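J.: Quick one: the structure is below, and I'll ask about it shortly.
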Amino acid sequence: MEIDLERVLCRLSELDATGCREFRLGGGEWPALGFALKAGAEVHAYLNRCAHQALPLNMLPDRFLTHDGSLILCTAHGALFEKRTGFCVSGPCFGASLERVAVQVVAGLVLLDEAVDVAALVARFA
Ligand code: FES
């Protein structure tokens with residue numbers, strides 16, 4: 001299988017240290033920022049924009065989870081999101097969701113799904 005290297009977000013093994021890995025899509029001053037995470041054997045990815053005020057969720061590199069690793073935490077105002085769905089279960093944006101980025105795991109690599117329109121995502125950050 002041929003892998004499009006431009007769609008590689010990270011190695012699957014890079015998710016082991018913190019459970020998450022940040023990535024950027026597109027170049028320029030306003031790339032789309034996101035993060036991939038492990039939820040059991042599954043890998044999910046979301047844009048790094050909180051459903052509350054569109055702020056980045058993390059303050060430290062690759063740190064997106066609560067202390068016990070069970071939920072995604074927004075450090076701005078404490079919203080909590082499910083890892084598998086991005087659904088906000090607590091906080092000021094309760095009931096809203098993070099924006100999912102479709103990914104697939106191939107040969108130990110986390111790849112952006114071919115259906116994702118990178119240019120459209122990046123344009124929303126401009
Ligand atoms: S910006 Fe995330 S909880 Fe307010």
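J.: Filter the stretch 7-28 down to residues that are aliphatic (A, V, I, L, M) and farther than 23 Å from Ala123 by Cβ and give me whichever is least open to solvent (accessible area, probe 1.4 Å).
T.: Top of the filtered list is Leu15.
J.: Which of the residues that make up the stretch 53-72 are within 13 Å of the ligand (Cβ to nearest atom) and outside any loop (DSSP other than H, G, I, E, B)?
T.: Kept after step one, since they are within 13 Å of the ligand (Cβ to nearest atom), are these residues of the stretch 53-72: 53-59, 64, 71-72.
Once the filter is applied, which keeps residues that are within 13 Å of the ligand (Cβ to nearest atom) and outside any loop (DSSP other than H, G, I, E, B), the stretch 53-72 yields Leu71, Ile72.
J.: Could you list all residues from the stretch 73-88 that are in a strand (DSSP E or B), open to solvent by 30 Å² or more (accessible area, probe 1.4 Å) and more than 12 Å from His44 (Cβ to Cβ)?
T.: Of the residues in the stretch 73-88, the ones in a strand (DSSP E or B) are 73, 80-82, 87-88.
Still in the running and open to solvent by 30 Å² or more (accessible area, probe 1.4 Å): 73, 80, 82, 87.
Matches in the stretch 73-88: Leu73, Leu80.
J.: Among what's in the stretch 89-103 and is free of Cβ contacts under 8 Å to residues at least 40 places away in the same chain and either more than 9 Å from the ligand (Cβ to nearest atom) or closer than 25 Å to Glu14 by Cα (or both), pick the residue that is surrounded by the fewest Cβ atoms within 10 Å (Cβ to Cβ). If you could, list the steps in order and put the result at the bottom.
T.: Pass one, the stretch 89-103, residues free of Cβ contacts under 8 Å to residues at least 40 places away in the same chain: 89-91, 94-95.
Okay, now just the ones that are also either more than 9 Å from the ligand (Cβ to nearest atom) or closer than 25 Å to Glu14 by Cα (or both), so 89-90, 94-95.
Values: Val89: 13, Ser90: 12, Phe94: 13, Gly95: 8.
Step by step, filter the stretch 89-103, then rank; the result is Gly95.
The values are calculated or read from the model by the stated rules, or taken from the named source; none is laboratory data. None of these values were measured; they are calculated from a predicted model. Don't worry about glycine lacking a Cβ; one is built from the backbone with ideal geometry, like all the others, and counts go over all protein chains shown. Accessible surface is based on the protein model in full, side chains and every heavy atom, while ligands, DNA and RNA are left aside. Shrake-Rupley method; radii C 1.70, N 1.55, O 1.52, S 1.80 Å.
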